[in-house]
Amino acid sequence: MFDLGPNKSTIVALVPLEGTKSTIAILRTRLPTSPEFVHNPHRVYTRQFGMDDVYDLFKRGTELLEAGEFHQATVPLSKAAGLEPEKTSIREALGRAYFRSRQFEAARVEFEAVVERAPTNDFALFCLGRALMELGRLQEARKPLTLAAQLRPERRDYRIYRERAAKAA
């Protein structure tokens, strides 16, 4: 798993150590200085590391998310989202990690991105509404919560939060 270092002259490799839950090793190496890399590092970076690495980042992030390591899950998931920003599954998982780590503004941004690409994704609509509620934006939360409840009327939790937002707004 790779990340551009803070001065963009290093690659920091995050490697899970065997027998541990969350310990990582950090390795450094020089990055290419080609004009293409300097002007567009993400394109070269994506091509250099490929889809397998994006999948590995996503898989690691979702494993951390399922294990309740919400803050830690944001690291590989945000890297995966940076490499593949159009993938709604990655953005939704990142939004969940942000929400569960109480980073509601970041969660809102991720869920809005998912809803823009998949407007009938009831879970993303619900989570967007919940993030807006946590930010105190109750009037704005009503629309996505209402849409989620209409898309999945059997979901009691969707109806409960829709009603809470309506009462509080």
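The values are calculated or read from the model by the stated rules, or taken from the named source; none is laboratory data. From a predicted model like this one, the values you see are computed outputs, not experimental measurements. Note that we place each Cβ from the backbone using ideal geometry, even for glycine, and neighbour counts take in every protein chain shown.
Residue pairs whose Cβ atoms lie under 6 Å apart, sitting 6 or more positions apart in sequence or on different chains, and linking a residue in the stretch 69-86 that is touching a residue at least 24 places away in the same chain (Cβ under 8 Å) to a partner that is crowded, with 17+ Cβ neighbours inside 10 Å and among the aromatic types (Phe, Trp, Tyr), are ALA80/PHE58.
Within the stretch 92-142, the set of residues being aromatic (Phe, Trp, Tyr) and surrounded by 19 or more Cβ atoms within 10 Å (Cβ to Cβ) comprises TYR98, PHE99, PHE111, PHE126.
Just one of the listed residues (ALA67, ALA73, ALA97, ALA93) is under 27 Å from PHE123 (Cβ atoms), touching a His at 6+ places or on another chain (Cβ under 9 Å), modelled with pLDDT of 95 or more and not assigned by TED's automatic domain parsing to the domain that holds LEU135, and it is ALA97.
You will find that of LEU151, LEU147, the residue that is surrounded by fewer than 19 Cβ atoms within 10 Å (Cβ to Cβ) and over 23 Å from THR74 (Cβ atoms) is LEU151 and no other.
Here VAL114 fits the description: of a type in the set (Val, Ile, Thr) and not assigned by TED's automatic domain parsing to the domain that holds ASP56.
Scanning for something touching a Leu at 6+ places or on another chain (Cβ under 8 Å), of a type in the set (Ser, Thr, Tyr) and within 16 Å of ASP53 (Cα to Cα), does the stretch 77-96 turn up at least one residue? Looking through the stretch 77-96, at least one residue is touching a Leu at 6+ places or on another chain (Cβ under 8 Å), of a type in the set (Ser, Thr, Tyr) and within 16 Å of ASP53 (Cα to Cα).
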